[in-house]
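Note sheet for the following structure.
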Amino acid sequence: MKNLFEIKKLNMHYPIVDGLMGNVKGYIYALNNIDLEIKENEILGLVGESGSGKSTLGNCILKLLEPTSGEVIFENENILSKKKKELNDFRKKAQLIFQNPYMSLNPRMKIYDILKEPFIINKIKNYDKKIKEIIKLIGMDEEVLSRYPHEFSGGQRQRIAIARAIILNPEFIVADEPVSALDVSIQAQIINLLIDLKNHLNLTMLFISHDLSVIKYICDRVAVMYLGEIVEITSKEEFFKNHKHPYSQALLNAVPVINENKSKKIILEGDLPSPSNPPKGCKFHTRCPYAMEKCSTQIPELKEIGNNHKVRCFLCD
Ligand code: SF4
């Protein structure tokens, strides 16, 4: 499969500014040297605890945040070097679905106007037919177009937010925890809708979630993030049967029903260290039961171990 995105050495370091003088007293190291490919027509799952940098990565890929350094190559061009005006085309092709459907729809606008907005912003005429088509595609009736967001349940609002994201026929979607704010009973419906749309519209998706059972259901590949770094990336099948990184093992141990690997149980203890003062060496060494002496001084690289499986851990050297 061809790559749709190539992310190279991506860093996002937020300055911590001190008082009125505005002196920079440190940095929050949210993303560190991220190298990642997103393949055409795949759903790549991005997992990790909250604070691991997943949403920051999604926002940097879409250039909704300005990374400190690195490249995001899309259709042979580095999106990060483009000016705002030059991004119009990219914005149509790459969209974001937010976590919270209660916040992402303007309560003062009717659904028709919410869906019309992307056309107006992009100066596209003749949107009426498309709006009616898209509302059917997400499983709702045309009569909802004259209503306001508060008249709908969370699941229905998320359907409308998805409709808005796909209405200009994007190629790529970042879905940032799109079901975590919804009732469990509704989650499966929205996930099935996303799978149908992905197949119907040939979408590529970065699916951000902390829920491994959702990742297992929807994704083709899985990338695991810890403190702003990718620590493991492989196919879904390989990940659930043959994960190698102790952090992946700990995440899976927290969901015993889907842990297919019979390796030693790791219970994740303590909180994620602060990204403003990350541990030296392997960032996971303060919580890793296998940590060796060199883990606190040397940084492991993300290395291919065969079978399109990359791991950042000295145990795999
Ligand atoms: Fe644990 Fe060392 Fe591997 Fe890091 S490099 S995950 S500390 S064994």
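Provide a single number: the residues in segment 1-48 that are outside any strand (DSSP E or B) and not hydrophobic (A, V, I, L, M, F, W, C).
7
Pairs linking a residue in segment 306-317 that is in a loop (DSSP other than H, G, I, E, B) to a residue that is among the hydroxyl-bearing types (Ser, Thr, Tyr) and more than 14 Å from the ligand (Cβ to nearest atom), with Cβ atoms under 7 Å and 6 or more positions apart or on different chains, are Asn308/Thr234; Asn308/Ser235; His309/Thr234. If you check Ile173, Ile134, Ile167 for being touching a residue at least 60 places away in the same chain (Cβ under 8 Å) and of a type in the set (A, V, I, L, M), only one passes: Ile173. In this structure, is Gln189 of a type in the set (S, T, N, Q), in a helix (DSSP H, G or I) and either in contact with a Ser or Thr (Cβ under 9 Å, 6 or more places away or on another chain) or buried (at least 22 other Cβ atoms within 10 Å of the Cβ) (or both)? So Gln189 fails the test.
Selection within segment 279-299: residues that are outside any helix (DSSP H, G or I) and among the hydroxyl-bearing types (Ser, Thr, Tyr). The member of this set that is surrounded by the fewest Cβ atoms within 10 Å (Cβ to Cβ) is Thr297. Screening Val214 on (1) at pLDDT 95 or above; (2) touching a helix residue (DSSP H, G or I) at 6+ places or on another chain (Cβ under 7 Å); (3) β-branched (Val, Ile, Thr) shows it passes everything except condition (1).
Scanning segment 300-317 for residues that are touching a strand residue (DSSP E or B) at 6+ places or on another chain (Cβ under 8 Å) and either surrounded by 15 or more Cβ atoms within 10 Å (Cβ to Cβ) or basic (Lys, Arg) (or both) returns Leu302, Lys303, Ile305, His309, Lys310, Val311, Arg312, Cys313, Cys316. Within segment 155-168, does at least one residue satisfy the condition of being closer than 23 Å to Leu44 by Cα, within 16 Å of the chain's Cα centre (by Cα) and surrounded by fewer than 20 Cβ atoms within 10 Å (Cβ to Cβ)? Checking segment 155-168: not a single residue is closer than 23 Å to Leu44 by Cα, within 16 Å of the chain's Cα centre (by Cα) and surrounded by fewer than 20 Cβ atoms within 10 Å (Cβ to Cβ).
Contact map, segment 242-254: first residue among the charged types (D, E, K, R) and at pLDDT 95 or above, second residue near the ligand (Cβ under 9 Å from one of its atoms) and not in a loop (DSSP other than H, G, I, E, B), Cβ cut-off under 7 Å, separation 6 or more or different chains; pairs are Lys244/Val311; Lys244/Cys316.
In segment 284-296, the residues that are closer than 16 Å to Lys244 by Cα reach residues that are more than 8 Å from the ligand (Cβ to nearest atom) and in a loop (DSSP other than H, G, I, E, B) with C-beta atoms within less than 7 angstrom, at least six apart or across chains, in these pairs: His285/Pro279; Arg287/Leu268; Arg287/Glu269; Arg287/Gly270; Pro289/Ile266.
When the residues of segment 282-317 are filtered to those that are acidic (Asp, Glu) and touching a Lys or Arg at 6+ places or on another chain (Cβ under 8 Å), which remaining residue is farthest from the ligand (Cβ to nearest atom)?
For segment 282-317, the residue satisfying everything is Glu304.
The values are calculated or read from the model by the stated rules, or taken from the named source; none is laboratory data. Values in this document were obtained by computation on a predicted structure and should not be read as measured data. Here Cβ is always computed from backbone atoms with ideal geometry, including for glycine, and neighbour counts include all displayed protein chains.
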